[in-house]
1. Would you look at the GNM of chain A, springs on alpha carbons closer than 10 Å, and say which of A:Gly32, A:Gly55, A:Gly21 moves the most?
2. Scan around A:His194 for amide H atoms under 5 Å from its own, H built in the peptide plane at 1.01 Å from N, and keep only partners 5 or more places away or cross-chain.
3. List the relative contact order of chain B as a percent without decimals, with contacts defined as Cα pairs under 8 Å and 6+ residues apart.
4. Starting from the range B:77-185, pick out the chymotrypsin sites (Phe, Trp or Tyr not before Pro) whose DSSP state is loop and whose Cβ has at most 14 other Cβ atoms within 10 Å.
5. Picking from A:Val77, A:Val108, A:Val160, which is most flexible by a Gaussian network model of chain A using Cα springs under 10 Å?
6. Normalised by the number of residues in the range B:97-168, what is the relative contact order in percent for Cα pairs under 8 Å and 6+ residues apart?
7. With an 8 Å Cα cut-off and a minimum separation of 6 or more residues, compute the relative contact order for the range B:44-91 in percent.
8. Sum -39500 (n - 2.57) across every DSSP H segment of at least 4 residues in the protein assembly as shown, then divide by the residue count to get the 222 nm mean residue ellipticity, nearest 500.
Amino acid sequence: MAYRIQRIPSAPPSVAFAARGMAIVLALVTAGIVLAALGFNPLALGWQVLRTTFGSSYGLEDVGLLVIPLIFTGLAVAVGQKIGAQNIGAEGQFYAGAFAATGVALFVPGPTAVILPLMFVAGAIGGAIWILVPTLARAYADVNELITTLLLNFVATLMVYWVATGPWLDPSGRALATTARLPHEVPEFWGIVHWGLPVAGVVVLLVAALFAFTRWGYEVRIAGSNPQAARYAGMPFRRHLIVVMLLSGAIAGLAGMFEVAGTVHRLQGGISNNFGYLGIMVAVLARSSPIGVLPAAALMAVILNSGIVLQTQGITVSTVLAITGLILFYTAIGDELARYRIVRG
Amino acid sequence: MDIIAGIIQTSILAGGVLALAALGEVLAERVGVVNLGVEGLMALGAVTGIATVVATPNPMLGFALAMVVGFFFGMVFAATTVYLRANQVLCGLALTLMGTGMAATIGRAYSGTPAPATFPPIAIPYLSDIPLLGRALFTQNILVYLIYIILPVALHWLMFRTKHGLDMRAVGENPAAADAAGIPVQAMRFWYVSAGAALAAGAGAYLTLAFVPSWSEGVVAGRGWIAVSLVIFAGYRPINAVAAALLFGLITSLGFVGQARNWPIPSPVLSMLPYLGTIAMIIVPVLAWQRMRRLMAAPAALGEPYFRDVR
């Protein structure tokens, strides 16, 4: 009786899901070994993270606040992947959305009930504008959107830094390198967690329904898995690509809008906290499923929060970024290995 | 005239970072592997370089150790993408996140301190005395000559003038045919991707030991991604890549000049120039030179893992 290894075109969901779990565990074990080698006690650190995160309402509220931008950026990247577009620029669209929303808040007079929805729209438009050039370049000249979206991240970071330290600098003189406190804010509903969280949930459900139940969503999914087949079937590939990429940018822009209007309340350099890059992680963990973004974002929020909890121990957000990279690395390996199965004969 | 000489001197110095990283990426992409980890490798190389010279003031050792570190991470990346055939884009992004995060964690101890030993400019006798541009062109550190003259010429010769180079390009264009012809596809990919990663890390060390020269978090500042873009613009050719890097050095140094001479443009806006320039450089040629497209095209099997059994 002979056995041989066979590769199948795509991994069964259960195996892929298990591979993700393994990847996360392996990444944490690897990080633990490295930390132990550096003289830390990984078990004590892990216990401290669990206790501070889940042991109190404050810890959960911190996670609840971090998960909002992660849902939006993760969803943004996942939406792009539906049609095979790699939007690595969620970071830049985040900044653009925050920038546009801040502009509305600072310069458009009016009651909060009117201005907040306007900021929402401005955030989405800001994000969409930020991805416009990469979108058109991909659609009409077949320029790789991965690199163009990424390069615009640096431009957006510089733009926000510039306005926050220059033209929009807080005129009161009390705050350095930031705009004035925004006159409007997203109200809170649970401790420090604001209404951005339920809105993020609703946006996820809407997008999921769009892909699952509409003709448009069906065509996009076909176009994503086989562009050639989509063209033969007469589906407007280019139009779908443009709409999907702009939607992706708009969703990332909402992340920035809620971060500035609900959490930080001022526009400043570095406001994005790598949320755009972590969004890539979220989307990959979710296997580009909009609903899957929710648990994946929650997990990333816990990991990100552990970096904040452990800051006093000399572990920084950068360390967390490195661990995130490790998870992504193992996930990529696991995704490939999950496609193999042993068959008899 | 001094200003122009100064701009040229800075352009060459600034372009060197991109040129070295881009040459490394040319090696990887010519054998069919996209390495998007350049940014992370550069960060690792940058921090290795500074850590070495702080321990012992020998910049050459710092540069060499950075390349060793890059080679090691390159082998990890190559093993997973070439032998395990994991997704190259994801692994590259993972390498960028890991490298950037690790470098920032390690580099906290060195943050802000200038490098205690750097690559000094060496004036080449006679040539550096040429009026006008002699000093700008021939009073550079030793790495500049390596990056702009020795490496690109050697790589060009290797890729386009030898049998081995033909094999190499065959692996990137059509691995199945190369395999059938007896070329060891996987080994070729593994070693060239690793070597390319070593060059990328070397570019990071160049940054902290010759160009900036100090470490701070975010010192790489997207240069890895610009290098990846330059490779596309340069049509995957070593000499073109170096020329494109020099053009970028020029854009960067114009930003410096603007800052130094108080041009009425805010410095963050000037700092955007290299990124905007890169975007323009990868979009415009596609539209403008339709006929050049085939000549400058990417290796046909770029980004695709090779499976012998599904040949």
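1. Among A:Gly32, A:Gly55, A:Gly21, the largest GNM mean-square fluctuation belongs to A:Gly55.
2. Residues meeting the criterion, in which the H sits 1.01 Å from N, are A:Phe189.
3. Numbers: 592 pairs, mean separation 115.1, N = 311.
After rounding, I find 37 percent.
4. Here the chymotrypsin sites (Phe, Trp or Tyr not before Pro) that fit, given the DSSP loop and packing criteria, are B:Tyr126.
5. A:Val108
6. Once normalised by length, the contact order is 19 percent.
7. Over the range B:44-91, the number comes to 30 percent.
8. -22500 deg cm²/dmol
The values are calculated or read from the model by the stated rules, or taken from the named source; none is laboratory data. Since the structure is predicted, the reported quantities are computational estimates derived from the model, not experimental observations. Virtual Cβ from ideal backbone geometry, glycine too; neighbours counted across all protein chains shown. Side chains are part of the model used for accessible areas, which takes the heavy atoms of the whole protein and leaves out ligands, DNA and RNA. Shrake-Rupley method; radii C 1.70, N 1.55, O 1.52, S 1.80 Å.
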